[in-house]
1. When you scan segment 96-113, do you find a residue that is closer than 21 Å to Arg230 by Cβ and of a type in the set (Phe, Trp, Tyr), even just one?
2. Thr66 passes all but one of (1) of a type outside the set (Phe, Trp, Tyr); (2) within 30 Å of Val238 (Cβ to Cβ); (3) open to solvent by less than 10 Å² (accessible area, probe 1.4 Å); (4) outside any loop (DSSP other than H, G, I, E, B); which number fails?
3. Could you list, in sequence order, the residues of segment 260-279 that are assigned to a loop (DSSP other than H, G, I, E, B) and among the acidic types (Asp, Glu)?
4. Looking at His198 and the list (1) part of a loop (DSSP other than H, G, I, E, B); (2) at negative phi, which single condition is not satisfied?
5. Residue under question is Gly10, and the condition is that it be assigned to a loop (DSSP other than H, G, I, E, B) and touching a Phe, Trp or Tyr at 6+ places or on another chain (Cβ under 7 Å); does it hold?
6. Tally up the residues in segment 185-219 that are among the aliphatic types (A, V, I, L, M), over 30 Å from Asn86 (Cβ atoms) and in contact with a strand residue (DSSP E or B) (Cβ under 6 Å, 6 or more places away or on another chain), please.
7. Name the single residue that is surrounded by the most Cβ atoms within 10 Å (Cβ to Cβ) among those in segment 169-184 being hydrophobic (A, V, I, L, M, F, W, C), touching a strand residue (DSSP E or B) at 6+ places or on another chain (Cβ under 7 Å) and not in a strand (DSSP E or B).
Amino acid sequence: MKSPLLSLPGAVSAEGVDEGVAAHYGDLFREQRSLADGTGFVDLSHRGVVTVTGEDRLAWLHLLLTQHVSDLPANLATEALILSANGHIEHALYLVDDGTTTWAHVEPGSQEALLAYLESMKFFYRVEAADRTADFAVVHLPAGSIAQAPEGTVVRETPYGRDLFLPRGDLEAFAADTATYGPAVGLLAHEALRVEHHRPRIAFETDHRTIPHELGWIGTAVHLQKGCYRGQETVARVQNLGKPPRRLVFLHLDGSEVHLPPHGAELRLADDGPDGRRIGFVTTSARHHELGPIALALVKRNVPLDARLMADTTAAAQEVVVEP
């Protein structure tokens, strides 16, 4: 779904799964500083929007999700995962309930698969799940923004800012009100701050075998004191008896390199040379307005914390995100 904001001056479309919204509007670092200062907004209208209605919605979702949502207070934001039977991450939902409807935004294009799973699990519960992507666009206001959401808009407020479920037909008028909401900011700036805050993202920090412990999603998206859900046995076993095979790390990259290592770039121990064994891979890299080139990566759990790494040909120093 192509955003109408791609017609704004300087807009350059993002690529890959984020195609359809602007990567930037001509000045990446200015846009990052704008978000860091609490001004501007990010067009996330390519993300999928799913709603669940019905009096059983929270009790039903509680049985399916990794998060405790059976008594989720109205307007309190949370995150939740859907796992495979083997405990591997399949979906990440960014949730809020407005008292009558549970709203979630998900990765672009993933809403159809999510809805197919939800429909298969309805049974006798009084719930209705719907794809509302055509009707609502997600817009992000950064932490510290004093802008008021349009009246009647569902808002998901987090420590990192507010996600607005804006009627899609209002998106252009919202962007035109720069006196209230500030300038449009591209997705690259939003992603750079996500990397800075060590926040994982489906299909970037995950692959077909990722479990929640590897990415630090225990606590924020996984509740360890709730009842059964699909994949819960793996979560409990790793939590109580084992250790995850990999861990998320934050990388400071060599700033003298012109190109950032792409998603999937191999990580090796610097002391082993270019033919050393693969110990992980880059998941997301970005250029930060203060930190310079940075990245998130998955490495084997037993990689020493002080090890010097190479991301393809780029030297990298690691910071711990998930303890080994």
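The values are calculated or read from the model by the stated rules, or taken from the named source; none is laboratory data. Just so it is clear, the model here is predicted, and its values are computed rather than measured. Cβ: placed from backbone, ideal geometry, glycine included. Neighbour counts: every protein chain shown. Each accessible area value is taken on the protein alone, full model and side chains, heavy atoms only, with ligands, DNA and RNA left out. Shrake-Rupley method; radii C 1.70, N 1.55, O 1.52, S 1.80 Å.
1. no
2. For Thr66, the exception is condition (4).
3. Going residue by residue through segment 260-279, those that are assigned to a loop (DSSP other than H, G, I, E, B) are 260-265, 273-277.
Selection gives Asp275 alone.
4. Among (1) part of a loop (DSSP other than H, G, I, E, B); (2) at negative phi, His198 violates only (2).
5. When the stated conditions are applied, Gly10 passes them.
6. 4
7. Phe174
Conditions (1) under 19 Å from Ala137 (Cα atoms); (2) touching a residue at least 60 places away in the same chain (Cβ under 8 Å), marked per residue:
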site	(1), (2)
Glu15	yes, no
Gly20	yes, yes
Ala23	yes, yes
Asp27	no, no
Ser34	no, yes
Leu44	yes, yes
Thr51	yes, yes
